[in-house]
Amino acid sequence: MTICLLKSKIHRAVVTGASVDYEGSLTIASDLAERVGLRPYERILVGNMGNGERFETYVIYGPHGSGAFELNGATAHLGKIGDRLTIMSFTWLDEEEAACHKPSVITLDNQNGIKKA
């Protein structure tokens with residue numbers, strides 16, 4: 001049997017940009033994505049703490065150290081600059097792996113710096 005558990009989470013990310021004309025995805029500063037183990041094009045679930053919207057999309061790496069969190073394509077309609085996001089990815093594990101699994105989680109400050117790891 002396998003179970004789906006939280007793999008990665010970025011909590012309280014501040015939206016820094018939005019582009020309806022982009023093809024889609026969520027741009028995340030590469031250093032922050034890598035810190036929690038998110039890969040380019042990985043499927044993510046995003047919750048907007050400002051308006052309650054939840055949506056699925058995929059990760060695009062933004063410039064290292066930029067603090068970027070940009071809503072692209074249709075997702076640009078689901079939030080605005082300044083909104084706070086919770087970004088999550090999940091993984092399937094067997095029972096033995098699940099017993100010792102710990103997700104990688106960071107909480108960000110108002111400038112998208114790591115406040116808690």
Do we have Gly50 as farther than 19 Å from Thr107 by Cα, surrounded by fewer than 18 Cβ atoms within 10 Å (Cβ to Cβ) and touching an Asp or Glu at 6+ places or on another chain (Cβ under 7 Å) here?
no
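Only one residue in Thr2, Thr16, Thr27 is under 10 Å from the mean Cα position of the chain (by Cα), of a type in the set (Val, Ile, Thr) and at pLDDT 95 or above. Which one? Walk me through it before giving the result.
Values: Thr2 fails: under 10 Å from the mean Cα position of the chain (by Cα); Thr16 fails: under 10 Å from the mean Cα position of the chain (by Cα).
Testing whether each residue is under 10 Å from the mean Cα position of the chain (by Cα), of a type in the set (Val, Ile, Thr) and at pLDDT 95 or above leaves just Thr27.
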Checking Lys80 against (1) loosely packed, with under 13 Cβ neighbours inside 10 Å; (2) among the charged types (D, E, K, R); (3) touching a strand residue (DSSP E or B) at 6+ places or on another chain (Cβ under 9 Å): exactly one of these is not met. Which one?
(1)
May I ask you to list the residues in segment 4-31 that are surrounded by 14 or more Cβ atoms within 10 Å (Cβ to Cβ), of a type in the set (A, V, I, L, M, F, W, C) and more than 19 Å from Met49 (Cα to Cα)?
Leu5, Ala29
Output the residues belonging to segment 57-91 that are over 23 Å from Ser104 (Cβ atoms) and aliphatic (A, V, I, L, M).
Ala74, Ala76, Leu78, Ile81
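The values are calculated or read from the model by the stated rules, or taken from the named source; none is laboratory data. Predicted, not measured: the structure shown is a model, and the values here were computed from it. Please note: Cβ atoms are built from the backbone with ideal geometry, for glycine as well, and neighbour counts cover all protein chains shown.
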